[in-house]
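One structure is given below, encoded as structure tokens.
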Amino acid sequence: MVLLPVLGKLQHKRVVLASASPRRREILSNAGLRFEVVPSRFRETLDKAAAPGPAGYAEDTARHKALEVARRLHQKDLRTPDIVIGADTIVAVGGLILEKPVDKQDAYRMLSRRPPSCRLSGKEHSVFTGVAVVFCSCQDGRLVTDVRTFHEETRVTFSELSEELLWEYIHSGEPMDKAGGYGIQALGGMLVESVRGDFLNVVGFPLNRFCKQLAWALPAGDGEPGGQRDAPHGGEPGGQRDAQHDGPPPPPDHLLQLLDGFKASKAVLTACRLGLFDLLSGGAAPLSATQVADSLVVSPEAAARLLDALAALGLLTRSDGGYSAREATGRHLASRGPGSLRGLALLLDGPAWDAFSRLEATLRGARPPLAPGIPSALALDPREQDLVTHTDPETRLRFLAAEHGRSWLTARRVAATFDLSRFSSACHLGGGTGVLARELARRHPGLRVTVLDLPGVVDRVPRFQPAGDPHPDPGVSFVAGDWLQASPRVDLQVLSWALPTLPPSPALGLLGRLRERCPPGGGLLLVETALDEDSWGSPGAVSSLLDQLVASGDPTRSPRDLKALLRAAGFEDVRLETTDGGLAVLLATGGTGGL
């Protein structure tokens with residue numbers, strides 16, 4: 001029994017399940033795990049469109065649920081929990097994520113959704129459960145967390161469902177608190193024709209995978225990853241060791257993924273460079289490996305290997321008819337569409353890849369390569385390190401495309417952080433293609449937003465307008481100029497990712513100059529990566545930490561440091577919010593301006 005060694009390690013630990021689901025509670029209780037239930041208060045409002053697929057969305061939600069409970073218990077209780085378990089189950093069909101229905105009509109739409117490619121009736125769909133295990137400790141009164149996430153996918157096929165059967169099931173009330181609108185363990189089982197994978201995963205918790213992950217994360221004789229904790233009551237830590245587990249434990253999945261991850265990155269980046277995702281997306285019919293090879297001018301054998309690898313990574317679907325891109329893959333990795341990240345991929349495959357290939361030399365004292373594909377190097381003084389200094393027009397365009405895609409991922413969260421209705425005009429300094437400006441104008445209809453950036457940027461903005469709309473939005477205008485020298489008189493200045501490469505004194509000087517430009521009642525909206533204990537494991541924070549390995553400048557400041565810096569620059573009222581994506585958004589007002 002894979003769970004028995006785990007139980008021995010957890011018998012003296014405070015284990016908390018951050019879920020009110022009776023099904024998850026039953027699964028873990030039946031397995032013999034002792035735990036307490038503290039339902040998470042996290043509001044499940046993550047942006048599905050910005051998530052890295054259904055599996056990533058489920059993992060992110062589970063992580064937020066578990067961290068919310070861990071932080072709340074640390075503040076409330078005298079004893080910090082040892083382990084907090086969070087989980088989130090979703091159903092995905094045709095690239096669409098289905099969660100719990102809001103009413104009976106919503107349940108009906110889920111079960112019989114049109115078009116046929118997005119319905120459950122008569123179709124195979126995926127059930128994903130994302131699980132987060134948060135190992136907690138307390139150091140000097142501060143909560144320290146180590147978060148491990150994973151997911152399990154199970155494929156479920158429904159029979160063709162008649163209208164009568166559908167409504168009979170819906171009127172039973174069972175679909176209302178279940179992802180995808182059905183519960184396989186009860187009446188919903190009559191809808192299911194076949195199941196491929198872990199049945200308990202569909203019920204709500206992948207017990208088998210959880211046990212394996214926890215067994216590897218908790219070495220025998222130890223109560224937590226990475227170190228020894230005091231044994232309870234003077235006994236041996238973790239209880240008795242099972243004889244069959246003597247010797248070194250197998251390496252955890254996440255460690256193997258880190259060691260092997262560069263292969264997947266290079267495969268995806270190369271596919272982007274070849275234009276593979278353009279070929280397989282947009283509703284086109286599936287293509288065979290031979291057809292792909294002919295289009296990309298590569299060998300059929302190599303094309304087949306690449307296609308199979310990308311399908312295994314979850315980016316493509318493989319059928320008898322050939323290969324096609326999943327909806328999220330086409331939306332983000334093809335060159336078409338406002339959410340395309342292909343420009344970022346092309347820069348990551350060039351300057352960024354080269355920079356990290358020279359990482360050892362950089363760590364030994366070589367000058368950090370300021371690669372334009374690395375986000376933390378994007379905010380340098382435009383007079384010294386801007387895309388305009390690159391003579392290659394193709395490189396300039398790729399640079400701008402990379403920033404456009406990156407901004408698209410974060411703009412919606414930033415624009416929704418604060419109520420900006422008291423401001424009537426704003427200027428995004430160095431605002432690039434205007435993604436954030438458009439989102440601010442859309443979210444706050446009374447706000448007119450100017451984008452101020454260098455001529456080489458503004459001249460290329462039309463290339464990035466939404467399809468069919470060659471002109472900027474009515475509430476957004478573009479002005480060419482150097483924002484370090486001057487900017488339009490507006491109520492609100494907006495600055496994003498401009499501080500990481502600046503030491504404290506120049507950063508303070510820059511913020512001071514912006515404060516002087518503020519009119520009475522004006523302010524500054526500052527956006528940076530949040531790098532503190534609350535966001536340490538977020539994708540944005542991890543990416544920022546890695547960026548710093550090959551870029552010059554000071555380490556990314558914590559939100560608390562940013563707040564202090566703004567106050568030191570003369571802003572009296574500084575409000576701070578951190579977003580789900582690991583961003584720190586600050587609204588600074590007050591003080592005496594110079595305009």
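Any read-out appearing in this document is the output of simple, stated calculations on the displayed coordinates, not a laboratory observation. Computed from a predicted model, the values in this text were never measured in an experiment. No Cβ is skipped: glycine too gets one built from the backbone with ideal geometry, and neighbour counts run over all protein chains shown.
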Self-check item: 5 angstrom amide H check on S335, placed H, neighbours 5+ away
Solution: D278
Practice problem: Could you pull out every residue, at least 5 positions away or on a different chain, whose amide H is within less than 5 Å of the one on G523? Hs are placed 1.01 Å off N in the peptide plane, and Pro or chain starts have none. | Solution: L492, Q493
Exercise. Can you tell me how much longer the chain between A302 and A568 gets when fully stretched, taken as 0.36 nm per residue apart minus their C-alpha distance, in nm with one decimal?
Key: 90.0 nm
Quiz item: Working out 0.36 nm times the residue gap between A480 and S137, then minus their Cα-Cα distance, what length gain in nm do you get to one decimal?
Solution: 118.4 nm
Quiz item: Hey, rough spin-label estimate for L255 and R336, points 7 angstrom out along Cα→Cβ, what's it come to in nanometres?
Solution: 4.6 nm
Self-check item: Radius ratio Rg over Rh of the stretch 253-342, counting only Cα atoms, Kirkwood formula for Rh
Solution: 0.97
Quiz prompt | Long pairs among K212/K263; K9/K76; K13/K100, criterion Cα-Cα beyond 28 Å | solution = K13/K100
Quiz item: So which lysines pass the test for K266, namely a Cα distance under 28 Å, with those fewer than 8 places away in the same chain ruled out?
Solution: K48
Quiz item: Going 7 Å from the Cα of R72 in the Cα-to-Cβ direction, what parts of the stretch 14-46 have a backbone nitrogen less than 20 Å from that spot?
Solution: 14-26, 35-46
Exercise. Mind giving me the nanometre distance, one decimal, between the label points for V195 and L549, set 7 Å out from Cα along Cα→Cβ?
Key: 4.1 nm
